[in-house]
There are 2 protein chains.
Amino acid sequence: MADRLMEGIRVLDFTDFLAGPYLGMYFADMGADVIKIENCKTGNFTRNARPKDPNTGISMYWNNLNRGKRCVAIDLKTPEGKEIFAELVKSADVLIENNRPGVMDRLGFGWEACNEMNPRLIYASISGFGQTGRNAYKPGYDLIAQAQGGAMSVTGWPDGEATRSGLAVGDMFGALNAGVGICASLYKRELTGKGNRIDVALVDSIVSAMEAKIMTYFNENHKIYGRWGNKYSASSPYDSFYAKDTTFVIASGTDKHWGLLCDAMGHPEYKEDPRFCDTETRKKNDKYLREVIHAWTADKTAAECVEIIDKAGVPAARIYNVEDVVTDPGIAIDREMIVKVKAPAAHPEAGEDGELTVVGNPIKMPLTPMQYGQAAGDIGADNTEILKELGFTDEQLADFREKKVIN
Amino acid sequence: MADRLMEGIRVLDFTDFLAGPYLGMYFADMGADVIKIENCKTGNFTRNARPKDPNTGISMYWNNLNRGKRCVAIDLKTPEGKEIFAELVKSADVLIENNRPGVMDRLGFGWEACNEMNPRLIYASISGFGQTGRNAYKPGYDLIAQAQGGAMSVTGWPDGEATRSGLAVGDMFGALNAGVGICASLYKRELTGKGNRIDVALVDSIVSAMEAKIMTYFNENHKIYGRWGNKYSASSPYDSFYAKDTTFVIASGTDKHWGLLCDAMGHPEYKEDPRFCDTETRKKNDKYLREVIHAWTADKTAAECVEIIDKAGVPAARIYNVEDVVTDPGIAIDREMIVKVKAPAAHPEAGEDGELTVVGNPIKMPLTPMQYGQAAGDIGADNTEILKELGFTDEQLADFREKKVIN
């Protein structure tokens, strides 16, 4: 059995929606004991989010993100609920939360309180605008971060509207930034014995990813980078193009790529064409460049174009839809990006043959591979097991249940 | 002086373009000794990428990503260059490379060779399609990953073309995934003494971020998720809207948010309106929903709308352009997302008052804050210093320079 990177690490995943659960999923995939903490009355909001498994109605939005986690559910407004949460904090290595700033303090489990209970705890908060600064109070979902971080202003077509990325890039960047901070802090804790405080904002995460666009503002007379459609500003041809059936992309990064593309199109003379001799010239003559490429693509399908260009050693790709992605064996099978998890114990009829299909983890580490285990259970499914591990007795559990502190 | 998370960790950053340098930047910000390794003849391709500092012409695309690194430059085709590279490998904790799969092996510095030289080395490769599988040979830039990972098919307008995100989301997700893998492996190495192999593909990173869209395919009769413009499929109203001057976004996640929005618009009766009573109904009656919202926004600016909705406690935001982002004190100052680094020693006239403006790191850790130090130098600027640290003598350095092994 291969090593698992996070064996022995306990992560409290007190999160809902997308960013927090996505990050908790990484720790579960890496072998941590990830405990999902939910409100015992309603559970996570996204337990009701579509799509749902047709056999059982359980949310596959939720199950993809929460595979491999154990589930505890408590009423945090009761003193007993707080006692349970405190025991969880004392037992844990990492806590991830994505509540609005201030909520954790009001519950009695802000950073200072938790650090006092467990100085080794690494405490990570993911929020729209961060824990500090004049915007901290503002609620922020992914769409807000894509808007206020600047991403929408640079996505879309020059003559069209500001456009969000179809991926929840604010949530995802936020999750992964918190992940880097947590793992770096776990490393450091081995040297110092001390926990850490991590504060990641979705907006900041988008701003960081704006990189060269912000540099352009400061170094080119406050020029405001706009929307370029599918073109990039630094290379050419680096764009989508029409074939006879649909569009595809060519990503020629260098003059060498352009030369290979000219040969592949059967027009070596374009290499010497003064309109196309270097990147800057090709960018300036984009209209003509697109004409000569489209003259070649017009009688071919996108797949044919990509095959020819790929053989020539120039980066090109079809624009995959979801079905293309999940049925490409190079992605789904070779790279294990479509994988199965065991159905939850309480829902053996879920999925197919007792297995649910989920998306694989993108970090491939052959010596310490990701492992996907079992889908998570219902709200509080592991209450008894986890509370007994924490030292609570059967009598206490019965009392908690009677008082509706747990379900 | 605050602790720095990566103090004492040496990272070899043998990368170009965006993903690898962006990740190396994180380690430099966290206090690692990051050594940028370049070809001594040409240096990084992106040292020529715009935008450029107007005073010196140095690339600020490059300098944003490479602040805080030291620069070594060698000719890896020579035996002496290989000897220097081997000494660097032996001295390092982490190596990041983003060459096309196979290149490192041909140079003699693939994973197996480096692992033999230094069993504690954590060796991370970032590539378009990964190190394994039938697509491994294919070159892949960000545009290719956005196309073949499925992101473009879900970005843009229902009646429009597949659209790339204006951010290089393939590169960024790839960088951060490798970052999680590296930091997790640094933690684990403290327990085992062993290095690790990390293989991240831009395409896989995009596929993972497709999450619910892929779940929809497998659980709703192979339905192919398309382009939704700025709407989300799970909430309503959660979209961009027109004000009298420009567009802005509202991200109402729940029925409670909708109720607060109705009150803020002065139309509490919409709360009882059967067209709008819950999320599914509002989604179905989107046309009417947009009509009633636009009736209210028509005589207000986007800023006025956002101010009113924000006060009501409902997430809303202006769609910031780059200038809005960098001049918002809540982002630039309070969250330290616009910061300064010292100009490189060889270019004291760079920037303003000896400082260059760059983008702050989005991981905020008050106990172990990011620190930005100095802009990196020219190609091979730290050759002498680094090679002497490795134990090479003045005589050897002179010999290397004569043979053009280093610059």
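Values quoted throughout were computed directly from the atomic coordinates according to the rules given, and no laboratory measurement underlies them. Fair warning: this is a prediction, and the values are worked out from it, not measured in the lab. Cβ coordinates were reconstructed from backbone atoms using ideal geometry, including for glycine residues, and neighbour counts include every protein chain displayed.
In this simple spin-label approximation, residue A:374 and residue A:300 carry label points 7 Å from Cα along the Cα→Cβ vector, and these lie 5.2 nm apart.
Taking the charge dipole of chain B about its Cα centre, with +1 at Lys and Arg Cβ atoms and -1 at Asp and Glu Cβ atoms, the residue from B:228, B:192, B:215 reaching farthest to the positive side is B:215. Sorted shortest first, the distances from the residue A:105 label point to those of the same residue in the other copies are 5.6 nm; each point sits 7 Å from Cα along Cα-to-Cβ.
In a reduced charge model with +1 at each Lys and Arg Cβ and -1 at each Asp and Glu Cβ, the protein assembly as shown shows a dipole moment near 300 debye about its Cα centre.
Listed by chain and number, the aspartates and glutamates placed with their C-alpha closer than 20 angstrom to that of residue A:300 are A:239, A:245, A:263, A:291, A:310, A:324, B:161; residues fewer than eight positions away on the same chain are left out.
Enter the angle in degrees (range 0 to 90, nearest 10) between the Cα long axis of helix B:19-29 and the first principal axis of the Cα atoms of chain B, meaning the one along which they spread out most. That helix lies at roughly 80 degrees to the long axis.
Among residues other than residue A:165 whose Cβ falls under 10 Å from its Cβ, what is the net charge (Lys/Arg +1, Asp/Glu -1)?
So the environment of residue A:165 carries a net charge of +1.
How much length is gained if the chain between residue A:106 and residue A:157 is pulled fully straight, taking 0.36 nm per residue apart and subtracting their Cα-Cα distance, in nm to one decimal?
Working: separation 51, 0.36 × 51 = 18.36 nm, distance 4.49 nm.
Stretched fully, the residue A:106-residue A:157 segment lengthens by 13.9 nm.
Looking at the range A:302-356, what % of the alpha carbon pairs are farther apart than 19 Å? Summing the P(r) of the range A:302-356 above 19 Å gives 52 percent of all pairs. Legend: P(r) of the range A:3-92 from all alpha carbon pair distances, 5 Å bins from 0, whole percents, reading 3, 15, 22, 22, 18, 12, 6, 1.
Per-residue Cβ neighbour counts within 10 Å put A:257, A:222 in the sequence A:222, A:257, beginning with the fewest.
Under Stokes-Einstein, with the Kirkwood radius over Cα pairs as Rh, the value for the range B:139-213 at 10 °C and 1.306 mPa s is 117 µm²/s. With the convex hull constructed from alpha-carbon coordinates only, the protein assembly as shown shows a mean projected area of 34.4 nm² over all directions.
Helix-only arithmetic for chain A: the sum of -39500 (n - 2.57) across DSSP H runs with n ≥ 4, divided by the residue total, places the mean residue ellipticity at 222 nm at -11000 deg cm²/dmol.
Sparse packing (at most 15 other Cβ atoms within 10 Å of the Cβ) combined with a DSSP loop state is found for the following chymotrypsin sites (Phe, Trp or Tyr not before Pro) in the range B:93-169: B:137.
Return the Rg/Rh ratio of the range B:333-407 with Cα-based radii and a Kirkwood Rh.
Across the range B:333-407, the Cα-based Rg/Rh ratio is 1.15.
For residue A:300, the distances from its label point to the matching points in the remaining copies are 5.4 nm, ordered from shortest, with each point set 7 Å beyond Cα toward Cβ. The convex hull built on the alpha-carbon positions of the range B:23-62 has an orientation-averaged projected area of 3.5 nm². All Cα-Cα distances of chain B, cut into 10 Å bins from zero to the largest, leave 4, 18, 25, 23, 16, 9, 4, 1, 0 percent in each bin in turn. Among the cysteines of chain A, those whose beta-carbon sits 4.7 Å or more from every other cysteine beta-carbon are A:40, A:71, A:114, A:262, A:277, A:305. May I ask for log10 I(q)/I(0) of the range B:238-322 at q = 0.21 Å⁻¹, from a Debye sum over the Cα atoms as equal point scatterers with solvent left out? Each listed q corresponds, in turn, to -0.96. What number comes out for the charge environment of residue B:6, summing +1 per Lys or Arg and -1 per Asp or Glu over other residues with Cβ under 11 Å away? For residues surrounding residue B:6, the net value is -2. Just to confirm the numbers: residue A:8, label point 7 angstrom along the Cα-Cβ line, distances to the other copies in nm, shortest first? Computed spacing set for this position: 1.9 nm. This model, with +1 at the C-beta of Lys and Arg and -1 at the C-beta of Asp and Glu, gives the range A:96-239 a dipole about its Cα centre of some 220 debye. Would you please state which residues of the range B:294-313 a label at residue B:245 would reach in this model, taking the label point 7 Å out along Cα→Cβ and a backbone N cut-off of under 17 Å? Output list for this probe position: B:297-310. A dipole drawn for the range B:238-322 from +1 and -1 charges on Cβ atoms has a positive end, and of B:321, B:268, B:293 the residue lying farthest that way is B:321. Each Lys or Arg adds one and each Asp or Glu subtracts one; over the other residues with Cβ under 14 Å from the Cβ of residue B:180, this totals -1. Note on A:283, A:244: ascending count of other Cβ atoms within 10 Å places them as A:244, A:283, the fewest first.
Among B:263, A:245, A:382, which comes first, then next, by fewest other beta-carbon atoms within 10 Å?
Placing the least packed residue first, the sequence is A:245, B:263, A:382.
Rounded to the nearest 20, the Cβ-based charge dipole of the range B:312-404 about its Cα centre (Lys and Arg +1, Asp and Glu -1) stands at 380 debye.
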